[in-house]
Structure formats: structure tokens, C-alpha cells
1. Checking the a/c ratio against 1.5 first, then a/b against b/c, what shape does the Cα gyration tensor give for segment 45-124?
2. Go through segment 426-438 residue by residue and turn each phi into a ³J(HN,Hα) via Karplus (6.51, -1.76, 1.60, θ = phi - 60°); whole Hz please, and just put x for glycine and proline.
3. Label-point separation (nm) for A64 and R111, each offset 7 Å from Cα along Cα-to-Cβ?
4. Report the extension gain between D123 and V331 in nm, rounded to one decimal, defined as 0.36 nm multiplied by the number of residues separating them, less their alpha carbon distance.
5. Counting other beta carbons within 10 Å of each Cβ, put D328, D435 in order, fewest first.
6. What net charge is computed for the residues neighbouring S246, neighbours being all others with C-beta under 11 Å from the C-beta of S246, Lys and Arg scored +1, Asp and Glu -1?
7. Apply the a/c threshold of 1.5 to the C-alpha gyration tensor of segment 373-454 and tell me whether it is rounded, prolate or oblate.
8. Any chance you could check the Cα centroid distance between segment 378-437 and segment 58-89 for me, in angstrom?
Amino acid sequence: MTPSRLSALDAAFLSLERNHAPMHVGWAALFSPRADASRPSFEEVRAHIESRLHLAPRYRQRLAGVPFGLGDPVWVDETEFDISHHVRRSEHGNFGRLVDDVLSTPLEHGRPLWELWIAEETDDGSIGVVGKAHHCLVDGLAAVELMALLLDASPEPEPVADPGWKPRTRPSAVQLVGEAVKDDVGQALSLAALPLRWAREPRELRGVADQAWRAARHLARTVTSPAPPSRLNGAMPATRHLAWHSRPMEDLKTIKRRFDTTVNDILLTASAGALRGLAVERDEPPRDVKAMVPVSVEAPDEKWGNRIAFLFVELPCGEEDPVWRLRDVHVKMRDRKRDGEPEGADAVLNAVAYAPPAMRRLASRIIASPLLSNLTISNIPGPQMPVYLMGCEVKHAYPVVPLTDGHGMSIGMTTIHGRACFGVYAQAEFASDADRIARGIGDEIEALLERAAA
């Protein structure tokens with residue numbers, strides 16, 4: 001069987017990794033004990049996870065490079081897969097310290113690119129789980145899907161038949177080179193055949209022209225409005241900190257209904273308000289910042305890897321009134337979507353996919369650099385019903401949005417059965433700022449709720 005090759009976007013995520021900028025996505029989750037106050041042991045949890053790995057075959061695969069860099073890496077079965085390398089026990093009772101330690105350590109590229117750390121009992125009596133997977137393996141949404149794969153919709157785990165697993169033989173260097181050359185030739189032939197295909201299908205040509213126009217417009221808007229200077233950007237250490245906040249999802253839905261906006265608009269608005277509050281506390285003039293906002297353009301038949309585009313949106317941190325701030329964000333996002341900018345951004349990424357690897361790496365570094373955005377803010381959907389790990393219900397799950405080189409902070413939100421969970425992920429030197437922003441997001445939502453009630 002032909003090994004699966006990294007997509008151009010996934011290869012870009014891989015190329016962005018540095019020792020001080022690990023490119024993993026993840027989450028930190030807290031579970032309550034079972035109804036009878038019992039809790040599963042670490043060994044039971046690890047066996048439970050291992051019994052379901054056949055449902056996620058990519059998690060028993062590792063990357064293999066192509067000799068001489070003739071193609072992007074491919075996924076091959078890990079012939080010596082050992083679950084103990086990936087599901088790890090923690091003795092930390094301090095869950096925050098465990099989270100920061102796990103997230104500060106890059107994944108080992110010689111193994112499948114994921115880990116789960118289990119704390120059987122945290123200081124508050126919860127069961128803690130910290131998960132991370134490389135961004136080239138899954139996007140934020142698929143990271144939540146991994147969590148859902150390991151959980152159940154009822155306290156009693158559903159039995160899953162394990163058909164057993166036998167790794168396939170790793171392809172030789174000659175096979176890897178041959179497949180890379182074949183892929184390159186196939187891509188070149190596909191490009192060469194396009195004019196004839198368009199001549200036969202004029203509608204397709206019009207669609208391509210429309211995509212090209214949207215891509216050009218998106219590039220022009222992005223390049224001509226660089227990100228402003230910000231203390232959030234600059235040199236970065238390797239250590240990380242995750243701050244968090246959670247609240248009822250109904251609060252955001254109340255604001256959404258009252259002001260006829262979207263949950264994503266509220267996330268961006270609350271983030272802008274929290275950044276403004278931080279500047280005011282530091283006796284600095286509040287300045288607008290530019291956020292990179294991932295937008296899913298995933299196709300229905302795509303399960304693994306990434307299919308996302310990016311919008312670059314100015315956040316009105318200088319606006320004092322939270323409602324006017326919300327309206328400003330809502331209009332910007334509405335206009336971008338109405339103008340087809342997500343599709344334009346997707347068209348840009350699709351075009352870059354046909355470029356030589358060196359040019360793709362350069363383009364990915366520019367897109368992910370502080371030249372175009374000060375931080376990333378991402379809304380990641382989660383399960384809307386109660387979910388359980390061996391009878392223990394998830395209470396909170398805080399997302400981790402990776403930091404690319406030069407970025408000091410990111411903000412993510414996911415939903416877990418009626419709760420909105422916010423994760424503010426930062427370089428360790430911004431730890432106190434991240435804590436302040438997590439609190440500030442809550443304050444901004446409270447302010448919008450008060451205005452909604454009025």
C-alpha cells in the first residue's frame with residue numbers, strides 16, 4: 001500500500017517548528033470521579049486507550065523523510081509502537097504545573113506525534129488529562145475529535161472490538177524516492193492537462209477565475225495591512241503557560257441572540273476587551289492588534305490532517321464600549337465572509353501547494369510571522385452532550401492553540417456540554433499577562449451580558 005504523504009499545509013506546519021516553538025495543539029481536561037466516588041487507575045485508563053487505537057490508525061504512525069528532500073515526508077507504521085511512550089502517568093497534584101510542563105516539551109519526531117498525560121488525582125480531587133498532538137497530524141478540531149474518540153456518551157464505556165494490529169513494513173529509501181517522483185510527475189501532468197479540461201468545461205474555468213480573483217484580493221488586503229508593532233511579538237523562550245477561564249455557554253448564546261451576532265464574534269470581542277484591559281492596567285495606551293483567525297474549510301470526506309484557511313482581522317482594542325466593539329468585529333467578519341475571503345485564503349493556500357518545497361516553506365513562514373498577525377484566536381467546536389472517560393464526566397477542557405515563532409500568546413475556545421472553556425496559551429514570560437487576559441475575557445462577557453439585559 002502506498003504510504004500517505006503530508007499535505008502541503010501539514011508540511012508547512014511541520015516546517016514551522018523550532019526548539020523554542022513546538023507546533024503541537026492540545027487540551028487540558030478535568031474529570032470528576034464516578035458517581036460512587038471511585039476512579040479508574042492509570043493502568044486501566046491506558047489499557048482503555050490502547051484498546052481503541054485501531055479506530056485512529058494515524059496515531060500508530062510516524063513520519064519518514066524522503067531521501068535528498070525530494071518530497072514531503074510520508075506517514076509509515078511504527079513497527080515498534082509502545083503505548084507507554086504516549087500515555088504517561090503524572091504524580092503532579094498541581095494540575096496547572098503539569099499542564100505547563102507537558103506543553104513546554106516538544107514531541108519526539110522519531111515516534112508517533114502525540115502524548116496523553118494522566119494525573120489520577122489532582123489537588124482538587126479531579127482526574128486530570130493533558131493531551132497534545134503535532135499540528136501536522138491534526139488541526140484543533142481533529143484534536144477535539146481525538147478526545148471524543150477516547151470518551152463515551154454514557155458512564156458505561158461502550159465495548160469496542162479490537163481486530164488486532166500488525167504494522168506494515170516500512171518502505172525502503174528507493175520506494176520513498178520512487179513514490180515522491182511519481183507524485184511530482186502526476187502533479188505536473190495534472191497541471192499540463194488543465195487547459196484542455198477547461199476548454200471542455202468552461203464553467204470550471206470560470207470557477208477557477210473566480211477563485212483567482214478572490215485569492216488576489218485576499219493577498220492584496222493581507223499584504224497591504226501588516227500587523228502593528230506589539231509587545232506580544234518578539235524573541236520567545238521554550239517554556240509555556242496555559243491560563244484558563246470557563247463559564248456557561250448560555251451566557252454567550254444570550255449575547256448572540258440579543259445583538260444578532262455569532263459566538264465567534266463574541267470570542268474576538270472579549271479577547272479584544274481583555275487585551276485592552278491589560279494595556280490599561282499597565283498604563284499603556286490601548287492599541288488595536290491584528291488576529292489570525294483560522295476558518296475551517298474541511299471537506300466532508302476529509303478526516304485526517306488540516307483543511308483550514310486564515311483570516312486576518314483587526315481587533316478594536318482601542319474601543320472602550322464593549323457593544324460598539326462587538327458591532328465593529330461583527331461587521332468586519334460578516335463583510336469578509338460575504339466577500340468570499342475564506343475561499344480566497346483557501347485558494348491562496350491551494351496555489352502555494354503547487355510551488356516548490358523551498359517556496360512553500362518561505363510562504364508558510366511569512367503567513368505565520370508577526371508581520372501579518374500579533375496573535376491567533378481560534379474557536380474550536382466540542383461535544384454538546386455529557387462525555388465520560390471510564391465513567392468519569394468531563395467538566396472542563398481548555399484548548400491549546402500553538403505559538404509560531406515570534407508570537408507570545410494565543411487564545412482558544414471550545415465548548416463542553418454547555419460550558420465555554422477558554423485557553424490563553426503564552427510564553428512563560430507572559431504568564432501573568434495570560435492570567436489577566438483569561439480573567440478579562442470573563443469580565444468582558446459579564447459586561448456584554450449586563451448590556452444585553454439592559
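1. Verdict is oblate for segment 45-124.
2. Taking θ as phi minus 60°, the curve returns 8, 4, 4, 5, 9, 4, 5, 5, 5, 4, 5, 5, 4 Hz for segment 426-438.
3. Distance between label points: 2.0 nm.
4. Going from the current span to full extension adds 70.4 nm.
5. So the ranking, lowest neighbour count to highest, is D435, D328.
6. Its environment carries a net charge of +2.
7. Oblate, because a/c is 1.5 or more while a/b does not exceed b/c.
8. 27
Rule-based calculations on the coordinates, nothing more; no lab input. Only a predicted model underlies this, so the values are computations on that prediction, with no experimental measurement involved. A quick note on method: Cβ atoms are made from the backbone with ideal geometry, for glycine too, and the neighbour counts reach across all protein chains shown.
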